[in-house]
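What follows is a single structure, written as structure tokens, with notes after it.
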Amino acid sequence: MKRGCMTTRAKHRPALIEAAARLFRRQGYAATGTNEILAESGAPRGSLYYYFPEGKEEIGAAALEAAGKTVTRTLTALAADTSSPADFVRAYLELLAGWLEQSGYRDGCPISTTLLETAPASQKIAAAGQTAFQHWQAAIEEVLTRHGWPEARRAGMANLILSVIEGALILARAAQSPEPLNAAAEELALILEH
């Protein structure tokens, strides 16, 4: 019986998290209501509070955690498929440009979009976002490590790369153009190649 409860309990949770992440990425945290998350997920009415008894803030933290893990997996896969830090940055920014263009420039980074609205008011969401950024930075540092970057410069360079990517994503969304991402890719590649 307990096993059945666990299966039932987990049934709609992933769909709710994915829907929340998608909506937060597209329209922001404040503009997204819990009824909208339910409708987008296809989960039954009342299930959001069943899975997330603390409400929107709890699903917000879960959505950031899930989105952060997805990006970390993407960064890790790109790191394995690229031959240098410059190629890694170019490949990731090209991927972001494609995703952004495909969304009609409506999607942004689910982490920064949500954090800009909720931090520092929500410690739970801020912690989930900070963890995601730490994992992304670690993935970038690993690329630098594999390609012989001095230990003293890895963390700073990874932070710079991450900051440029996040800023370029915002600029590209505002301009409704991939150009800020393309320009950032080339400038970062120049820095990384020298």
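The values are calculated or read from the model by the stated rules, or taken from the named source; none is laboratory data. None of the values given here were measured: they were computed from a predicted structure. Reconstructed Cβ throughout: ideal geometry from the backbone, glycine too, with neighbour counts over all protein chains shown. Quick note on the areas: whole protein, heavy atoms, side chains included, nothing else; ligands and nucleic acids left out. Shrake-Rupley method; radii C 1.70, N 1.55, O 1.52, S 1.80 Å.
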**Cβ charges +1 (Lys, Arg) and -1 (Asp, Glu), total dipole of the chain, debye** = 1000 debye
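Per the helix-only calculation at 222 nm, which mean residue ellipticity applies to the chain, given -39500 (n - 2.57) for every DSSP H run of n ≥ 4 and division by its residues, nearest 500 deg cm²/dmol?
Computed ellipticity for the chain at 222 nm equals -26500 deg cm²/dmol.
Share of the stretch 59-122's accessible area from carbon and sulfur, percent, 1.4 Å?
Ligands and nucleic acids excluded, carbon and sulfur give 57 percent.
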**Request:** Count neighbours as other Cβ atoms within 10 Å of each site's Cβ, and list the chymotrypsin sites (Phe, Trp or Tyr not before Pro) in the stretch 33-119 that are DSSP loop with at most 13 such neighbours.
**Result:** none
**Prompt:** Which label belongs to the value computed from this structure, given these candidates for percent of Cα pairs over 30 Å apart: (1) 26; (2) 11; (3) 32?
**Reply:** (1)
**Candidate aspartates and glutamates - alpha carbon under 13 Å from residue 56, same-chain residues fewer than 8 apart omitted** = 36
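Using Cα pairs closer than 8 Å and at least 6 residues apart in sequence, work out the relative contact order for the stretch 29-172, in percent.
It comes to 29 percent, rounded to a whole number.
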**Request:** Set Lys and Arg Cβ to +1 and Asp and Glu Cβ to -1, take the dipole of the chain about its Cα centre, and tell me which of 175, 77, 55 lies farthest positive.
**Result:** 55
**Rounded accessible area per residue of the stretch 8-64, 1.4 Å, Å²** = 48 Å²
